[in-house]
Amino acid sequence: MIPTAIGFAAIVPVVVLNARRTTLLEMGDDIASQLGVAPERTRLTMVMAAVGLTAIATAAAGPIAFVALAGPQLARRLTLSPGLPLASGALMGAVLLLLADLVSQRTPFQVNMPVGLTTGMLGGFYLLWLLTRKRAV
């Protein structure tokens, strides 16, 4: 628990400090560069932070696939936020993992199903729903 908290405390400030730069990258590399953002360095920093946070979460809770995919997307849809939903995305990810754990504990016939399998199954259904609802512009 303590190593997880230390890793989390070390990486989250990096993500928070680079969130605005990441939002500026959505306008394109040229415009972001003109606004003072180094696109390649920002991408590398955020990818490394994402890998670190994913590694910490996987080490602490086991494989929890699709939570990182579904959490921010659902948070963005619920809050109607135009930017990066950092806090609401993290909260939605925690809620999704909690619901997956509850579903895996309450399966019928006392089947002991791992949480990673539950998140994969629910995430697969979510991904299929998302692909069928998405309309090409």
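The values are calculated or read from the model by the stated rules, or taken from the named source; none is laboratory data. Just so you know, these numbers come straight off a predicted model, no measurement behind them. Virtual Cβ from ideal backbone geometry, glycine too; neighbours counted across all protein chains shown. The area values use the complete protein model at the heavy-atom level, side chains included, leaving out ligands, DNA and RNA. Shrake-Rupley method; radii C 1.70, N 1.55, O 1.52, S 1.80 Å.
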note = Filtering trypsin sites (Lys or Arg not before Pro) in the stretch 66-135 by DSSP loop and by at most 11 other Cβ atoms within 10 Å leaves 106, 134, 135
ask   = Over the stretch 1-111, what is the relative contact order in whole percent, taking alpha-carbon pairs under 8 Å and six or more residues apart?
value = 23 percent
task = Compute the long axis of helix 2-25 from its Cα atoms, compare it with the longest principal axis of the Cα atoms of the chain, and write down the angle in degrees, 0 to 90, nearest 10.
result = 50 degrees
ask   = Considering only protein heavy atoms, what is the solvent-accessible area of residue 40 at a probe of 1.4 Å, reported in Å² to the nearest 10?
value = 130 Å²
key: Cubic angstrom per residue, convex hull over Cα atoms of the stretch 71-137   = 94 Å³
query = Sorting 35, 24, 17 by accessible area (1.4 Å probe), largest first, what list results?
reply = 17, 35, 24
inquiry  = As a test of understanding, state the convex hull volume per residue of the chain from its alpha carbons, in Å³.
reply    = 125 Å³
request  = In a Gaussian network model over the chain where Cα atoms closer than 10 Å are linked, find which of 91, 117, 44 has the largest mean-square fluctuation.
outcome  = 44
query = Of the accessible area of the chain, with the probe set at 1.4 angstrom, what percent is carbon plus sulfur?
reply = 71 percent
message = Give me the three principal axis extents of the stretch 1-66 from the C-alpha atoms, as integers in angstrom, largest value leading.
response = 42, 23, 14
request  = Taking the chain as the reference, fit the longest principal axis to its C-alpha atoms, fit the long axis of helix 39-61 to the helix C-alpha atoms, and give the angle between the two in degrees, 0 to 90, nearest 10.
outcome  = 20 degrees
